[in-house]
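Chemist: The following block contains the structure, expressed as structure tokens.
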Amino acid sequence: MTSSNSFDPYEIRKDFPILSRTNRGKPLVYLDNAATSQKPKSVINAISHYYESSNSNVHRGVYELAEDAENLYRNSRQKIAHWLGVSAEEIIFTRGATEGINLIAHSFAKHNINKGDLIILSEMEHHANIVPWQMIAKSKGANIQVVPVLNDGSLDREKLSEFLATPNTSILSLCYISNVLGTINPIKDIIEEAHQYGVKVVIDGAQAVPHMQIDLHNLDCDFFVFSGHKLFAPMGIGVVYAKNELMDEMLPYQGGGDMIDQVSFDGTTYAKGAQRFEAGTPNVCGAIGLGEAIDYLNGIEFSQVDAHEKKLLKETREGLKDIVGLVEHGITAEKAGVFSFTIKGIHPHDLSTLLDAEGIATRTGHHCCQPLMKKLGVEATARASYSMYNTLEDVNIFTDAVKRAVQILG
Ligand code: PLP
């Protein structure tokens with residue numbers, strides 16, 4: 001692993017075995033990190049080590065093996081909490097960001113939203129941060145207001161302020177970073193503004209966690225969600241952070257084992273804290289993998305990752321600047337390493353298919369952001385999304401391949 005004062009993507013790459021495989025017979029150039037990240041060897045080892053030596057169900061096992069699993073599981077929760085700057089009691093494990101937002105919508109919003117209340121979303125949200133709110137709004141007779149996205153990919157702050165100041169606004173749910181535009185929203189400022197009006201703030205951190213150090217204590221949002229798999233951890237594990245005092249106001253929306261205090265046919269009482277929202281056997285191994293990913297990231301300086309990704313973006317723009325009809329969607333100054341684009345007259349799927357033949361993994365489609373596609377006036381975009389292990393060489397392979405593809409398809 002790289003040390004914090006010598007950031008070197010080539011050194012980081014050595015920790016990710018999959019990056020040395022081929023794709024269609026060519027060296028893999030993995031540029032689909034916004035969809036999922038690759039996993040370092042330490043995380044892969046932690047998973048196999050867990051199954052080789054510590055696998056047992058957690059909660060209530062009295063034998064040593066069960067205690068081992070329980071300790072590993074508990075340590076992971078603590079590591080994650082520490083990394084986010086909050087307490088372990090405020091961390092609920094979920095399957096991912098999607099389940100996290102559903103949990104907040106059903107366990108908190110459902111009991112705190114009244115008929116006619118407003119839920120504020122934005123045009124740049126992933127479907128995971130739209131559909132659960134529509135479900136709740138429908139069942140409670142609440143309304144959704146959508147903050148427009150401006151031409152550069154930033155939020156319309158004037159509209160947002162107007163919505164926040166509307167007396168019956170109850171919740172704002174917003175992505176930290178857009179998975180299409182790469183826009184980094186000024187959420188600290190927005191959270192402060194929302195709180196002046198008593199509006200609760202949910203932050204979808206799915207795209208933020210791999211790009212920046214998150215300090216939830218400082219951000220002061222009410223809820224925060226992310227998925228482990230975008231943070232170099234396994235799929236099927238995610239986190240909801242809920243402020244302690246709000247957790248007490250939440251009711252479980254899934255019942256079953258492990259989330260109870262006492263069960264009888266006369267009635268059931270629930271466990272306290274996060275456990276109340278973790279019904280059934282948890283993804284112990286996923287949580288351990290996520291803890292290990294965080295250990296890995298502790299050796300990495302995020303300001304250097306940011307500077308590196310900015311270089312990759314700059315190189316991408318430089319490499320593609322002569323392509324006639326190319327539009328980069330999302331050009332805010334504060335932007336993560338996500339490059340979504342369309343080229344006039346070329347279907348993004350055709351482009352990505354040609355890139356795939358050259359070993360390059362990009363993603364095309366609506367990226368689970370159909371309302372944003374509508375706003376951009378496109379059905380789909382092509383997207384290259386970078387991570388700390390991508391190199392300028394990757395970018396050059398990608399931009400050269402795009403130029404060749406344009407010659408074939410144009
Ligand atoms: N939010 C954003 C901004 C995303 O990019 C994604 C996934 O791409 C999600 C939420 C949903 O994440 P998951 O499918 O891991 O639950």
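Chemist: Looking at segment 26-110, which chymotrypsin sites (Phe, Trp or Tyr not before Pro) are in a loop (DSSP not H, G, I, E or B) and have at most 12 other Cβ atoms within 10 Å? It would help to have the intermediate numbers written out before the result.
Modeler: Details: sites: Tyr30, Tyr50, Tyr51, Tyr63, Tyr73, Trp83, Phe93, Phe108; in loops: Tyr63.
Listed in order of number, the matching sites are Tyr63.
Chemist: What is the calculated FRET efficiency for Leu409 to Asp261, with r their C-beta to C-beta distance and R₀ = 56 Å, to the nearest 0.05?
Modeler: Values: r = 62 Å, r/R0 = 1.11.
It comes out at approximately 0.35.
Chemist: Given that compact globular proteins tend to follow 2.2 N^0.38 Å, what is the ratio of the alpha-carbon Rg of segment 1-104 to that value?
Modeler: Details: Rg = 17.7 Å, N = 104, 2.2 N^0.38 = 12.8 Å.
In units of the 2.2 N^0.38 Å rule of thumb, it is 1.38.
Chemist: If you build the convex hull over the alpha carbons only and average its shadow over all orientations, what do you get for segment 103-154? Give it in nm² to one decimal.
Modeler: Details: hull surface 14.3 nm².
Spelled out: convex hull of the Cα atoms, projected over all directions, averaged, 3.6 nm².
Chemist: Give me the three principal axis extents of the chain from the C-alpha atoms, as integers in angstrom, largest value leading.
Modeler: Between the extreme Cα coordinates on each principal axis of the chain lie 72, 55, 37 Å.
Chemist: Rounded to the nearest 500 deg cm²/dmol, what is the calculated helix-only ellipticity per residue at 222 nm for the chain, with -39500 (n - 2.57) per DSSP H run of length n ≥ 4?
Modeler: -11000 deg cm²/dmol
Chemist: Does segment 197-328 come out rounded, prolate or oblate, given a ≥ b ≥ c as the square roots of the eigenvalues of its C-alpha gyration tensor, rounded meaning a/c under 1.5 and, failing that, prolate meaning a/b above b/c? Don't jump to the answer; show the numbers that get you there.
Modeler: Details: a/c = 2.66, a/b = 2.21, b/c = 1.20.
Prolate is the answer for segment 197-328, as a/c is 1.5 or above and a/b outweighs b/c.
Chemist: FRET efficiency for Glu318 and Asp8, Cβ-Cβ distance as r, R0 = 25 Å, nearest 0.05?
Modeler: According to the calculation, E is roughly 0.70.
Chemist: Can you list residues from other chains, or at least 5 along the same chain, whose modelled amide H is less than 5 Å from the amide H of Cys175?
Modeler: Asp204
Chemist: Shifting gears a bit: Please compute the contact order of segment 45-297 in relative form: average sequence separation of alpha-carbon pairs under 8 Å and at least six residues apart, divided by the residue count, as a percent. Before the final figure, lay out the partial values.
Modeler: Values: 476 pairs, mean separation 63.1, N = 253.
Taking the mean separation of contacting Cα pairs over the length of segment 45-297, I get 25 percent.
Chemist: Under 27 Å between alpha carbons, and skipping anything fewer than 8 positions from Lys110 in its own chain: which lysines qualify?
Modeler: Excluding near neighbours in sequence, the set is Lys138, Lys140, Lys159, Lys188, Lys200, Lys243, Lys272.
Chemist: Read phi for every residue in segment 34-39 and hand back ³J(HN,Hα) as whole Hz from Karplus 6.51 cos²θ - 1.76 cosθ + 1.60, θ = phi - 60°, with x for Gly and Pro.
Modeler: Residue by residue, segment 34-39 yields 6, 7, 7, 8, 7, 10 Hz.
Chemist: What translational diffusion coefficient, to the nearest whole µm²/s, does segment 257-382 have by Stokes-Einstein, given a Kirkwood radius computed over alpha-carbon pairs, a temperature of 4 °C and 1.567 mPa s viscosity?
Modeler: Working: Rh = 19.2 Å.
Stokes-Einstein gives a translational diffusion coefficient of 68 µm²/s.
Chemist: How many nm separate the modelled label positions at His82 and His217, each set 7 Å beyond the Cα in the direction of the Cβ?
Modeler: 1.3 nm
Chemist: For the pair Lys311 and Ile331, how long in nm is the line joining their label points, each one 7 Å along Cα→Cβ?
Modeler: 2.5 nm
Each reported figure results from applying straightforward, stated rules to the coordinates on display, with no laboratory input. Not measured: the values here are computed from a predicted model. Note that we place each Cβ from the backbone using ideal geometry, even for glycine, and neighbour counts take in every protein chain shown.
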